[in-house]
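Single-structure report; data block below.
Each reported figure results from applying straightforward, stated rules to the coordinates on display, with no laboratory input. Please read these numbers as outputs of a predicted model, since none were measured by experiment. FYI the Cβ positions are ideal-geometry reconstructions off the backbone, even for glycines, and counts take in every protein chain you see.
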Amino acid sequence: MTKKNHQYELMFSKAAVHDLIRLRKFIEQHNPSAAQRISKRLQGAIQGLLDTPQIGKPVDNIPGEIREFIFGKYIIRYKVHVKILYILRIWHGKEDR
């Protein structure tokens, strides 16, 4: 999945796409309207990274420009490379990663 912005191209790893689906399905079991709301907010936060990709904290002990952005209870791990912002993984803070 890719989306374009004037500065960066946004790309999602297959794992990140599966993470979004998994998280939404989990929330949907308990509260369908919350699942839709949280999904939209997460997608908005990810789009916001296109404007300020350096906002995330660099991940220690991993080479390259790997960063983590905490959005509410969720963690978005991504890589900034030239003109690409690559979403690697997304998970809830209570998950063991």
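Of everything in segment 51-75 that is hydrophobic (A, V, I, L, M, F, W, C) and over 26 Å from residue 27 (Cα atoms), the residue that is surrounded by the most Cβ atoms within 10 Å (Cβ to Cβ) is 66. For the list (1) free of Cβ contacts under 8 Å to residues at least 60 places away in the same chain; (2) touching a Leu at 6+ places or on another chain (Cβ under 9 Å), I need the number of the one condition that residue 54 fails. Tallying (1) free of Cβ contacts under 8 Å to residues at least 60 places away in the same chain; (2) touching a Leu at 6+ places or on another chain (Cβ under 9 Å), residue 54 fails exactly one: (2).
The number of residues in segment 76-90 that are buried (at least 18 other Cβ atoms within 10 Å of the Cβ) and within 18 Å of residue 24 (Cα to Cα) comes to 5.
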